[in-house]
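Here the structure comes first, spelled out in structure tokens, and everything after it is commentary.
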Amino acid sequence: MAGHVLKEKTITRHRVTTLLAHWLTALSTFVLLFTGFGQMPMYKRYMVDSIPGLGWSSNYAVTLQLHYAAAMVLVFAAIFHLVFHGSRREFSILPRRGDVKESYQIVMSMLGRCQAPPCDKYLAEQRLAYAYIAGTLMLLIVTGMFKVVKNMAGVNMPDSWLNLATNLHNAGTVLLILGILGHLAAFIFKENRSLLPAMFTGKVDAEYARERHRLWYQKVSKKHQKSISL
């Protein structure tokens, strides 16, 4: 059977390019959030700038430049991700019909209420989380560009546009924080923790993949079997 073809202890789940895009996005997002809040006087008020090494955090000019730099890294990561995977027609992370129902079944299975459905490379809730976070980041990028343009010399943007962009940017920030918390909270469940090593090494335990990602494991097994027969 396909489920018993592979002999390796681990399976490659992510390429180096995928890990690069993920960590560039994650790190730039962290810097954006930190410096974004630094645009407000809260770091001075709550003495964050008194922490060793963070004296710069209440300096508006410094946090603004770091914010812009992190934004450029995020935009680069987003474009690279879209172009690379789009050109290779790799869309397994995109949401599918029935993902909401399947996500419910997966959560119930982790609570011992029912049996988990056969899953592909990405779990249904991972595909939904991807759409949520990607959409939120896109909102932040677009509204952030409006906020940058309005600071350019000779640009006179209507106040209504600026207010809308600012409010949407702030709302997007809240939504992003909630999304990140939800993303990290998924690892509260023991069943999800086997995916953590893959975000650093690109590899996942083969036995875990066979049990939790049966549909993907079967595809990988067939490719492996075909390569051996050639």
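Here, each number is a calculation from the coordinates, and none is a lab measurement. Here the structure is a predicted model, which is why all the values come from computation and not from measurement. Ideal geometry is used to build each Cβ from the backbone, glycine not excepted, and the neighbour counts take in all protein chains shown.
Here are the numbers:
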item	result
Square roots of 5 times each gyration tensor eigenvalue, C-alpha, the range 98-190, largest first, Å	39, 11, 10
Ratio Rg/Rh, restricted to the range 15-91 and using Cα atoms, in which Rh is the Kirkwood radius	1.15
C-alpha long axis of helix 124-149 to longest principal axis of the chain, angle in °	20
Filter on LYS101/LYS223; LYS121/LYS147; LYS9/LYS223; LYS44/LYS147 - keep pairs with C-alpha separation over 27 Å	LYS101/LYS223; LYS121/LYS147
Tilt relative to the chain, helix 99-110 - C-alpha long axis, 0 to 90 degrees, to 10	70
Radius, Kirkwood style, for the chain when every pair of distinct Cα atoms is counted (Å)	20.3
The chain: angle of helix 159-185 to the longest principal axis, Cα-based, in degrees nearest 10	40
Percent of Cα-Cα distances greater than 14 Å, calculated over the range 186-229	57
Helix-only [θ]222 nm of the chain, DSSP H runs n ≥ 4, -39500 (n - 2.57) each, per residue, nearest 500	-21500 deg cm²/dmol
Length-normalised contact order of the range 98-190 in % [C-alpha pairs under 8 Å, at least 6 apart]	26
Dipole of the chain [Lys/Arg +1, Asp/Glu -1 at C-beta], most positive-end residue of GLY154, MET199, GLN218	GLN218
